[in-house]
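Working notes, structure below.
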Amino acid sequence: MTPSHRTRTSGPAAGARRGPARDLLAELGLATRRDGDDLRGTALVTAAMHVPGAGRLRTSVLAAWADTLTGLLATQATAPRVPVTLELDVQLYRPAPASGTVDATAKVVKAGRSVFVASVGFTAAGGEPLAVAHASFMTAPDPGITLPAAFDVELPRRRKRLSMPLAERAGCERRGPGLAVLPRSDDGLNISGTINGGLIALVAEEAALSLAPGDALCSLGLRYLQPARTGPVVATARMRDGLAQVELRDSGNGDRLTGIATARTFGAAGASGGGRAGDR
């Protein structure tokens, strides 16, 4: 689970957080409100959220917002225990906007005993469909990590916004073709004290886009195999005909495989973008 407001828990990860005011993903500006059984979100797209060289909203930002919305819904089924993300995918109908407001509606698909599934529909200006996302969750196995008594799924709009490009703010760097690295930072952790799944989406995106400069992703799917506890997270991508496969490893924790991702570029899909198709 990676909700973008973080409060201290009663479990062993309580000391791992510095407080919601310094939360990196809160700077993405997502505000949420209940709407019956659904959860609605809205955020303003800024230049700091753009794909380098493409001038459009990052798909990883949509992934982070989707993870937040679905994770907040999941807490309603798992409380007082904390849900953790198993899978997350985002599929865009068309290239994301460069500015304006993005609205989202998250709905419960299934609230089972062991797995919770939710979906998100994103729209851009004028209510034009932008993307769909799905996420699945399980309850964190550590019973000592619990939600605070004052936990609320409604997030206010944050005053502090990104003042620099997202990758720079997160310390995420491209180290070469198909290689990106994300350090562990106190303000990039989730409620259980591990690296936020939205930031893992960012490093996967950066690894893929390093093989298609100037392009953007039309789809991004992630499978979280185990928490990234130590960092840096190293993402290694291979691309063929615009389809990237990405391995994500926790280099500070025995180089353990923490997740896998697949991504496709707009250039390969025949939409706008400058990525080349073919082997890389």
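Annotations
- Selection count, the range 191-204, where residues are within 16 Å of A64 (Cα to Cα), part of a loop (DSSP other than H, G, I, E, B) and in contact with a helix residue (DSSP H, G or I) (Cβ under 7 Å, 6 or more places away or on another chain): 1
- Test result for D35, acidic (D, E), more than 19 Å from L202 (Cβ to Cβ), at pLDDT 95 or above and loosely packed, with under 15 Cβ neighbours inside 10 Å: yes
- Verdict on G126 being open to solvent by 50 Å² or more (accessible area, probe 1.4 Å) and at positive phi: yes
- Members of the range 248-269 that are over 16 Å from the mean Cα position of the chain (by Cα), within 20 Å of L209 (Cβ to Cβ) and without any contact (Cβ under 8 Å) to a residue 60 or more places away in the chain: R249, R264, T265, G267, A268, A269
- If you go through the range 207-247 and keep only what is in contact with a helix residue (DSSP H, G or I) (Cβ under 8 Å, 6 or more places away or on another chain), of a type in the set (D, E) and without any contact (Cβ under 8 Å) to a residue 40 or more places away in the chain, you end up with just D241.
- Any hit, the range 193-210, residues being modelled with pLDDT of 95 or more, touching a Cys at 6+ places or on another chain (Cβ under 8 Å), open to solvent by less than 20 Å² (accessible area, probe 1.4 Å) and of a type in the set (D, E): yes
- For the range 216-237, a tally of residues being open to solvent by 20 Å² or more (accessible area, probe 1.4 Å), out of contact with any Pro (no Cβ under 9 Å at 6 or more places or on another chain) and either among the β-branched types (V, I, T) or in a loop (DSSP other than H, G, I, E, B) (or both) returns 7.
- Test: residue in the range 152-162 that is of a type outside the set (K, R), within 22 Å of F116 (Cβ to Cβ), modelled with pLDDT under 90 and open to solvent by 10 Å² or more (accessible area, probe 1.4 Å): no
The values are calculated or read from the model by the stated rules, or taken from the named source; none is laboratory data. Keep in mind it's a predicted model, so treat the numbers as computed, not measured. Don't worry about glycine lacking a Cβ; one is built from the backbone with ideal geometry, like all the others, and counts go over all protein chains shown. Ligands, DNA and RNA are excluded from the accessible area calculation, which covers all protein heavy atoms including side chains. Shrake-Rupley method; radii C 1.70, N 1.55, O 1.52, S 1.80 Å.
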